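For reference, the structure discussed in these notes is given below.
The values are calculated or read from the model by the stated rules, or taken from the named source; none is laboratory data. Quick caveat, the model's predicted, so the values are computed rather than measured. Virtual Cβ from ideal backbone geometry, glycine too; neighbours counted across all protein chains shown.
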Amino acid sequence: MRAASFAAWGREEAKPFRTAEIYWMLCAAVVALAYYNTEVVMTRAVFHSILGAQLDTQRIDVQYELTRKWAVLGYVLVPPMLAAEAGFLAFITQLFVLLVGAEAPLGKLFRVAMLAKIPLLAGAAARSVWLGSLPAAAITRATLNVVPWSLGNMLFDPSQALSPGYAFASAINPVELAWGVIMTAGVARIGGMSRRRSAAIVLAVWLGGQLTSFVVRSFLVS
């Protein structure tokens, strides 16, 4: 048992980045992106543009300042939230792997889930830069949900970005594809299975997440 533990530790050390290092780098990236969104995207002018038809100027300013204060708490919660997200994805993936009669250690799937988070963060960063380049008057509630490079943007008008249909179609994009490729490769290697079976597992996990999101958004819209 001890020899196996030392062997696993050695393999972990031999990798370019240890799992803990990847985790903390992702935490730093998420905090940096959240800070950018707070300071550059969701400015006071954007708040007035979005809420101007509903609230008076004073109440909008109060809500803006309150949002900035809560943003600090959001930065603090990034590490546990990121760990919970990757852990839940790893757990669900492991369940599907077990259903097909294979095995995959949860810790290794956790690492794969974090690696798959990298293209998602890159896509979110690109989208934030795009939003930050828009004038405040051009940003609406719908604009905040637009994914420029997605299937949703090809099938729907950007003004429909709040609809459940757009949300589902917008999940079909190069960033999500990159996530799927990383997850598929990781599950295939860890579970010792074919890429086709691994892709089927990852697709099932992805569809489950998207359908859940679709149902929740439909409920909120209705």
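For region 189-205, which residues satisfy the criterion of being within 20 Å of PRO105 (Cβ to Cβ), more than 21 Å from the chain's Cα centre (by Cα) and not small (Gly, Ala, Ser)?
Those that are within 20 Å of PRO105 (Cβ to Cβ), more than 21 Å from the chain's Cα centre (by Cα) and not small (Gly, Ala, Ser): ARG189, ILE190, MET193, ARG195, ARG197.
So, in region 131-188, exactly how many residues are outside any helix (DSSP H, G or I), over 30 Å from PHE110 (Cα atoms) and free of Cβ contacts under 8 Å to residues at least 24 places away in the same chain? Walk me through how you get there before you give the answer.
So in region 131-188, the residues outside any helix (DSSP H, G or I) come out as 134-135, 139-142, 146-150, 156-157, 161-163, 171-173.
Those left that are additionally over 30 Å from PHE110 (Cα atoms): 134-135, 139-142, 156-157, 161-163.
Next, only the ones that are free of Cβ contacts under 8 Å to residues at least 24 places away in the same chain stay: 134-135, 142, 156-157, 161.
Residues flagged as outside any helix (DSSP H, G or I), over 30 Å from PHE110 (Cα atoms) and free of Cβ contacts under 8 Å to residues at least 24 places away in the same chain within region 131-188 amount to 6.
Quick check on ILE50: is it modelled with pLDDT under 95 and touching a His at 6+ places or on another chain (Cβ under 9 Å)? Quick ask: steps written out before the conclusion?
Values: modelled with pLDDT under 95: yes; touching a His at 6+ places or on another chain (Cβ under 9 Å): no.
It is false that ILE50 is modelled with pLDDT under 95 and touching a His at 6+ places or on another chain (Cβ under 9 Å).
Considering only region 12-41, state which residues are buried (at least 16 other Cβ atoms within 10 Å of the Cβ) and over 19 Å from the mean Cα position of the chain (by Cα).
Once the filter is applied, which keeps residues that are buried (at least 16 other Cβ atoms within 10 Å of the Cβ) and over 19 Å from the mean Cα position of the chain (by Cα), region 12-41 yields nothing.
For the subset of region 53-73 comprising residues that are loosely packed, with under 13 Cβ neighbours inside 10 Å and under 16 Å from ILE139 (Cα atoms), which member is modelled with the lowest pLDDT?
ALA53
List, please: which pairs have Cβ atoms under 7 Å, are six or more places apart or on different chains, and start with a residue in region 33-59 that is closer than 30 Å to ILE118 by Cβ and end with one that is not small (Gly, Ala, Ser)?
From region 33-59, the pairs are LEU33/LEU121; ALA34/TYR75; THR38/ARG68; VAL41/LEU131; VAL46/ILE139.
With (1) over 18 Å from TRP24 (Cα atoms); (2) without any contact (Cβ under 8 Å) to a residue 40 or more places away in the chain; (3) surrounded by fewer than 15 Cβ atoms within 10 Å (Cβ to Cβ); (4) among the β-branched types (Val, Ile, Thr) as the list, and VAL100 as the residue in question, which single condition is left unmet?
VAL100 satisfies all of (1) over 18 Å from TRP24 (Cα atoms); (2) without any contact (Cβ under 8 Å) to a residue 40 or more places away in the chain; (3) surrounded by fewer than 15 Cβ atoms within 10 Å (Cβ to Cβ); (4) among the β-branched types (Val, Ile, Thr) except (2).
Would you say ALA113 is out of contact with any strand residue (DSSP E or B) (no Cβ under 9 Å at 6 or more places or on another chain) and either surrounded by fewer than 15 Cβ atoms within 10 Å (Cβ to Cβ) or aromatic (Phe, Trp, Tyr) (or both)? Talk me through it step by step, then tell me what you get.
Working: out of contact with any strand residue (DSSP E or B) (no Cβ under 9 Å at 6 or more places or on another chain): yes; either surrounded by fewer than 15 Cβ atoms within 10 Å (Cβ to Cβ) or aromatic (Phe, Trp, Tyr) (or both): no.
No.
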